[in-house]
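To start, the structure under review is shown below, and the notes come after it.
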Amino acid sequence: MQAMDSAISHINTLCERIRSAARDKTPLRVRGGGSKDFYGLTLQGELLDTRVLNGIVSYEPSELVVTARCGTPLAELEATLAAQGQCLAFEPPRLAPGGTVGGMVAAGFSGPARAQVGAVRDFVLGASMLNGQGLALSFGGQVMKNVAGYDVSRLLAGSWGTLGCITEVSLKVLPVAPAEATLRFELAQAEALAHLHRWGGQPLPL
């Protein structure tokens, strides 16, 4: 209960900052751990640090669903899932220490498994955000088929905070694969692409 009250207080504080910035026409820079600051986006604007909103809100291993606040360290979320033999199947890259769940979704980066399992947006079930007017909005939920109309929660994946400040997100998780293997082939580029195209049309877990 105390954690919930604290989260509400932090959200109210962020809302006030956004409203004040909107009134004064002051640009804000939404940032979590800053692990993707190198990516070439503008780093101008008053910092709006989302790390104050942290913690796993709910986790149902049997339902394959986890809900976490935006400032939750990605490492913490992955450790919690690993303890139950589960994972974020899209393999979000750890580009630097301190990455957060909100930053993971906002950036929309996926790892090598994307070709087989899908991207970040394919695992976003629901999200809460603060828009440019400081209003708290929620989209989606905690099940796959829960949206009538445009799925805004998935639109947030890869938006880099331009649509609003993500405050909370619900994600589908999957069991860790029982085994995996890495195969390496010395090939010319054209031959490698030909192999990838051929394998991509087959039911192989690449």
Notebook entry, point to check: Label-point separation (nm) for Asp122 and Arg94, each offset 7 Å from Cα along Cα-to-Cβ?
Noted result: 2.4 nm
Next item on the list: Would you mind checking the stretch 41-68 for residues with the amide N under 19 Å from a putative spin-label position 7 Å along Cα→C-beta of Asp24?
Entry: 43-50
Check: Which value, in Å², gives the accessible area per residue of the stretch 13-95 when a 1.4 Å probe is used on the protein heavy atoms?
Finding: 53 Å²
Checklist line | Semi-axis lengths, Å, the stretch 41-181, gyration tensor of Cα atoms, sqrt of 5 times eigenvalues | finding: 23, 17, 15
Checklist line | Computed helical MRE - 222 nm, the chain, DSSP H runs ≥ 4 contributing -39500 (n - 2.57), nearest 500 | finding: -8500 deg cm²/dmol
Check: Roughly how many Å² is the accessible area per residue of the stretch 112-206, as a whole number, for a 1.4 Å probe?
Finding: 66 Å²
Notebook entry, point to check: Loop-only check: which trypsin sites (Lys or Arg not before Pro) in the stretch 108-206 are DSSP coil with at most 13 other Cβ within 10 angstrom?
Noted result: Lys145, Arg184
Note to self: As I understand it, the value is the acute angle between the Cα axis of helix 2-24 and the longest principal axis of the Cα atoms of the chain; what does it come to in degrees, rounded to 10?
What the structure shows: 70 degrees
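Treating only the Cβ of Lys, Arg, Asp and Glu as charged (+1, +1, -1, -1), what charge dipole size does the chain show about its Cα centre? Round to the nearest 20 debye. Can you show the working numbers first?
Numbers: 17 positive and 17 negative charges, 93 e Å.
The dipole magnitude comes to about 440 debye.
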Next item on the list: Select from His10, Ser58, Thr162 the residue farthest towards the positive end of the dipole of the chain; place +1 on Cβ of Lys and Arg, -1 on Cβ of Asp and Glu, and compute about the Cα centre.
Entry: Thr162
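Between Leu64 and Gln133, what's the calculated FRET efficiency when r is the beta-carbon distance and R0 is 41 Å? Round to 0.05.
About 0.75, to the nearest 0.05.
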Next item on the list: Springs between alpha-carbon atoms under 10 Å, Gaussian network over the chain: tell me which of Ser110, Ser62, Ser138 tops the mean-square fluctuations.
Entry: Ser62
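Using a probe of 1.4 angstrom, how much of the accessible area of the chain is carbon and sulfur, in percent?
Looking at the chain in its full context, I get 56 percent from C and S.
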Next item on the list: Scan the chain and report its longest stretch carrying no GluC sites (Glu not before Pro) that are both in a DSSP loop and have at most 14 other Cβ atoms within 10 Å.
Entry: 1-179
Next item on the list: Go ahead and set up a Gaussian network model of the chain, Cα springs under 10 Å, then flag whichever of Leu196, Leu163, Leu187 fluctuates most.
Entry: Leu187
Item checked: Spread of Cα-to-Cα distances over 5 Å intervals beginning at zero, given as percent, for the stretch 12-104 -> 3, 12, 21, 20, 16, 12, 9, 5, 2, 0
Check: Taking all pairs of different Cα atoms in the stretch 83-125, averaging 1/r and flipping that mean, what Kirkwood radius in angstroms comes out?
Finding: 10.9 Å
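The values are calculated or read from the model by the stated rules, or taken from the named source; none is laboratory data. Just so we're clear, the structure is a prediction, and the values are computed from it rather than from any experiment. Please note: Cβ atoms are built from the backbone with ideal geometry, for glycine as well, and neighbour counts cover all protein chains shown. Side chains are part of the model used for accessible areas, which takes the heavy atoms of the whole protein and leaves out ligands, DNA and RNA. Shrake-Rupley method; radii C 1.70, N 1.55, O 1.52, S 1.80 Å.
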